[in-house]
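The values are calculated or read from the model by the stated rules, or taken from the named source; none is laboratory data. Since the structure is predicted, the reported quantities are computational estimates derived from the model, not experimental observations. In this analysis, Cβ positions are derived from the backbone assuming ideal geometry, glycine residues included, and neighbour counts consider all displayed protein chains.
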Amino acid sequence: MTEQKPVSDTAATKVHLPDAQTVLSVKHWTDALFSFRVSRPQTLRFRSGEFVMIGLMGDNGKPLLRAYSIASPNWDEELEFYSIKVPDGPLTSKLQHIQPGDEIILRPKPVGTLVHDALLPGKRVWFLATGTGIAPFASLMRDPETYEKYEEVVMMHTCRTVAELEYGRQLVEGLHDDPLIGEMVAGKLKYYPTTTREAFHHTGRITDNLSSGKVFADLGLAPMDREHDRAMVCGSLAFNKDVMAVLESFGLREGANSEPREYVVEKAFVGDGV
Ligand SMILES: Cc1cc2nc3c(=O)[nH]c(=O)nc-3n(C[C@H](O)[C@H](O)[C@H](O)COP(=O)(O)OP(=O)(O)OC[C@H]3O[C@@H](n4cnc5c(N)ncnc54)[C@H](O)[C@@H]3O)c2cc1C
Ligand SMILES: NC(=O)c1ccc[n+]([C@@H]2O[C@H](COP(=O)([O-])OP(=O)(O)OC[C@H]3O[C@@H](n4cnc5c(N)ncnc54)[C@H](OP(=O)(O)O)[C@@H]3O)[C@@H](O)[C@H]2O)c1
């Protein structure tokens, strides 16, 4: 367990932050992953799946901001985020030490492509994520609109290890007891977590499990097709590129807010990974 040094101890947050929100809770999932909840600005409206810029005051007195998917649904009174801890990362080397009562900066201008409006109507939607790319789907899986729009929702999440899947696993498990959407989720949401570098009941990359047909066989589903299937993708650049090719092989085409089609993509982070 790493030592938790309150951010409020650092000179960076002694001053009142612009666009400040208060940290309400923090949970560390692994040495490299944590989630936290902050107060929600009363005026903030967003579509589930969008991201905002959040951060802390840098040592130079200027805001140090990074893009973060909002992991909570748009009806939630608080905002949740799910974060990597990049060793020596300008923001996350500090952000990982936040504690309840600390303040973070949150620029209230949500944007993004992983929104229902960017897809044509369909019967089944696939949420395809690696690593922290599950964050926008943590929002969308908790949004009643997801279950109103689709007959089936398939969440594929792949990480190297079992521990890295835990945030998503607990979230999905909790959905079934959720008073707001528990009944809507029942029978509709199919969760398919896999690992690639540790034994687990299902293993393998999302790309391979789609191409080989393994995920369809394991879940008893018909293969993807352009007429019925829609997909949203969030992972590393390499994953996004490879899974787009797989989706195209099933006939799906990339859409956008301005031109809805069968799938949409967003980067979970910029770069090759830490
Ligand atoms: C649209 C968008 C949404 C994002 N949403 C999230 C989110 O919900 N949660 C989150 O943790 N990050 C998210 N990111 C990444 C985030 O913006 C920062 O890069 C991350 O917080 C690290 O910040 P840093 O200043 O510590 O390091 P940076 O200097 O920003 O990153 C250093 C390096 O760390 C690696 N890296 C950064 N983020 C990740 C990551 N999430 N997973 C694996 N490797 C990473 C990359 O190689 C990067 O070059 C998002 C990025 C984009 C573009
Ligand atoms: N997770 C760890 O234990 C760990 C430890 C030390 C450092 N890091 C670093 O932290 C960074 C982020 O790690 P991460 O595990 O969140 O991200 P990642 O390296 O992108 O891997 C996340 C998952 O995506 C899969 N994947 C990667 N590229 C893919 C592609 N092109 N197509 C399909 N699937 C793909 C990986 O499978 P594969 O396993 O088959 O690549 C893995 O299961 C990485 O760059 C890594 O170097 C991670």
statement: Of (1) within 11 Å of ligand 1 (Cβ to nearest atom); (2) surrounded by fewer than 23 Cβ atoms within 10 Å (Cβ to Cβ); (3) part of a loop (DSSP other than H, G, I, E, B); (4) not small (Gly, Ala, Ser), residue 94 fails just (3)
field: Tally of residues being exposed (fewer than 15 other Cβ atoms within 10 Å of the Cβ), basic (Lys, Arg) and over 19 Å from the mean Cα position of the chain (by Cα) across segment 146-189
entry: 0
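Per-residue answers, yes or no, for (1) touching a residue at least 24 places away in the same chain (Cβ under 8 Å); (2) over 16 Å from residue 21 (Cα atoms):
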{"site": "60", "(1), (2)": "no, yes"}
{"site": "72", "(1), (2)": "yes, no"}
{"site": "75", "(1), (2)": "yes, yes"}
{"site": "78", "(1), (2)": "yes, no"}
{"site": "81", "(1), (2)": "yes, no"}
{"site": "87", "(1), (2)": "yes, yes"}
{"site": "93", "(1), (2)": "no, yes"}
task: Within segment 223-237, identify whether any single residue is under 25 Å from residue 68 (Cα atoms) and free of Cβ contacts under 8 Å to residues at least 60 places away in the same chain, and answer yes or no.
output: yes
query: Where residues in segment 103-117 are within 14 Å of ligand 1 (Cβ to nearest atom) and over 22 Å from residue 43 (Cβ atoms), which of them is surrounded by the fewest Cβ atoms within 10 Å (Cβ to Cβ)?
result: 113
message: When you scan segment 106-117, do you find a residue that is in contact with a Phe, Trp or Tyr (Cβ under 7 Å, 6 or more places away or on another chain) and within 23 Å of residue 26 (Cβ to Cβ), even just one?
response: yes
- request: Can you confirm whether segment 49-60 contains a residue that is surrounded by fewer than 15 Cβ atoms within 10 Å (Cβ to Cβ) and either at pLDDT 95 or above or under 30 Å from residue 233 (Cβ atoms) (or both)?
  value: no
- request: Scan segment 202-237 for residues that are in a loop (DSSP other than H, G, I, E, B) and of a type in the set (S, T, N, Q) and report the count.
  value: 2
message: Let me confirm something: among 111, 86, which residue is within 19 Å of residue 268 (Cα to Cα) and either at pLDDT below 95 or more than 16 Å from ligand 2 (Cβ to nearest atom) (or both)?
response: 111
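Listed here are the residues, each with its yes/no results for (1) more than 15 Å from ligand 2 (Cβ to nearest atom); (2) at pLDDT 95 or above.
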residue: 196; (1), (2): no, yes
residue: 206; (1), (2): no, yes
residue: 236; (1), (2): no, yes
residue: 239; (1), (2): no, yes
residue: 242; (1), (2): no, yes
residue: 250; (1), (2): yes, yes
residue: 258; (1), (2): yes, no
- prompt: Here are some conditions: (1) of a type outside the set (Phe, Trp, Tyr); (2) within 24 Å of residue 224 (Cβ to Cβ); (3) out of contact with any strand residue (DSSP E or B) (no Cβ under 7 Å at 6 or more places or on another chain). Residue 144 meets all but one. Which one does it not meet?
  reply: (2)
- request: Give me a count of the residues in segment 190-207 that are among the aliphatic types (A, V, I, L, M) and touching a Leu at 6+ places or on another chain (Cβ under 7 Å).
  value: 1
- prompt: touching a Gly at 6+ places or on another chain (Cβ under 6 Å) and closer than 22 Å to residue 36 by Cβ - does that describe any residue in segment 113-123?
  reply: yes
field: Unique match (being out of contact with any strand residue (DSSP E or B) (no Cβ under 8 Å at 6 or more places or on another chain) and surrounded by fewer than 18 Cβ atoms within 10 Å (Cβ to Cβ)) among 256, 199
entry: 199
query: Counting just the residues of segment 221-274 that are under 26 Å from residue 92 (Cα atoms) and of a type in the set (Gly, Ala, Ser), which one comes out farthest from ligand 1 (Cβ to nearest atom)?
result: 238
- line: Checking 55, 61 in turn, the sole residue that is assigned by TED's automatic domain parsing to the domain that holds residue 107, part of a loop (DSSP other than H, G, I, E, B) and either over 25 Å from residue 143 (Cα atoms) or acidic (Asp, Glu) (or both) turns out to be 61
